[in-house]
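Data block below; observations after.
The values are calculated or read from the model by the stated rules, or taken from the named source; none is laboratory data. Source: prediction; values computed, not measured. Every residue, glycine among them, receives a Cβ derived from its backbone with ideal geometry; neighbour counts consider all protein chains shown. Please note that ligands, DNA and RNA were not included when accessible areas were found on the heavy atoms of the full protein model with its side chains. Shrake-Rupley method; radii C 1.70, N 1.55, O 1.52, S 1.80 Å.
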Amino acid sequence: NQTHYTNSQGILEFREAIAETTECDLGYRPHLDQILVCPANAIIDFTIRCLVNPGEEVIFPDPGFPTYISAMEYNRIVPIGVQLKEENEFRMNPRDISKKISTKTRLIIINSPQNPTGAVMSEDEIQDVYKIAEEYDLYLLSDEVYSKLIYDKLHHSPTIFDQCRERTILLKSFSKA
């Protein structure tokens, strides 16, 4: 008998389940107003459009999920790729991120486990990227869509440092797991 439009943030009971799952997985419970249910591509687009002006820069893993570049290009944002190198097992290296930061950088996108390489960033790498974002007062979009598909390593999230209240934005998905 649910025939009307839902709340634009998503069905309340579903958002409550997401808060509970986040608490179980990451150790903190987000407020329901922090949770938005929509397609992952929309979150990538919304995040870029809300935080970055045309002509400013976003740092992202290269290779990476194609929507990152698409959302930047049609919003006239400058994409700054950080090459995922074999010598780092195709993980995004915080030192390489630091080298790409300029006065026009507004956002860093990380993706762990990484699409398409499957690489999983270490706890130290995640912490270092958060510290970089903090040092330069940048936002950090943590794409953790594949976090439930890790078998031989642990998943780490930069969102534990500020619980998505200051600079981190968490992108998760139920469809992949």
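Couple of notes before you dig in:
- Residue in region 89-97 that is without any contact (Cβ under 8 Å) to a residue 24 or more places away in the chain and closer than 17 Å to Val58 by Cα present: yes
- Residue within region 52-73 that is assigned to a helix (DSSP H, G or I) and more than 27 Å from Phe90 (Cα to Cα) present: no
Residue by residue, here is whether (1) out of contact with any Lys or Arg (no Cβ under 9 Å at 6 or more places or on another chain); (2) of a type outside the set (Gly, Ala, Ser) holds:
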{"position": "Arg106", "(1), (2)": "yes, yes"}
{"position": "Ser122", "(1), (2)": "no, no"}
{"position": "Tyr130", "(1), (2)": "no, yes"}
{"position": "Tyr139", "(1), (2)": "no, yes"}
{"position": "His155", "(1), (2)": "no, yes"}
{"position": "Phe161", "(1), (2)": "no, yes"}
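- Residue list for region 111-121, restricted to those being surrounded by 16 or more Cβ atoms within 10 Å (Cβ to Cβ) and either free of Cβ contacts under 8 Å to residues at least 40 places away in the same chain or in a helix (DSSP H, G or I) (or both): Ala119, Val120, Met121
- A single entry from Tyr130, Tyr146, Tyr151 fulfils the requirement of being part of a loop (DSSP other than H, G, I, E, B), among the hydroxyl-bearing types (Ser, Thr, Tyr) and more than 19 Å from Ala40 (Cα to Cα): Tyr151.
- Filter pass, Lys153 being surrounded by fewer than 16 Cβ atoms within 10 Å (Cβ to Cβ) and not hydroxyl-bearing (Ser, Thr, Tyr): yes
- Looking across region 9-68 at every residue that is among the aromatic types (Phe, Trp, Tyr) and over 13 Å from the mean Cα position of the chain (by Cα), the one that is most open to solvent (accessible area, probe 1.4 Å) is identified as Phe14.
- Positions within region 83-105 being open to solvent by 80 Å² or more (accessible area, probe 1.4 Å) and not hydrophobic (A, V, I, L, M, F, W, C), in sequence order: Gln83, Glu86, Glu87, Glu89, Arg95, Lys99, Lys100, Thr103, Lys104
- All of Ile108, Ile80 fail the test of being surrounded by fewer than 22 Cβ atoms within 10 Å (Cβ to Cβ), aliphatic (A, V, I, L, M) and part of a strand (DSSP E or B), apart from Ile80.
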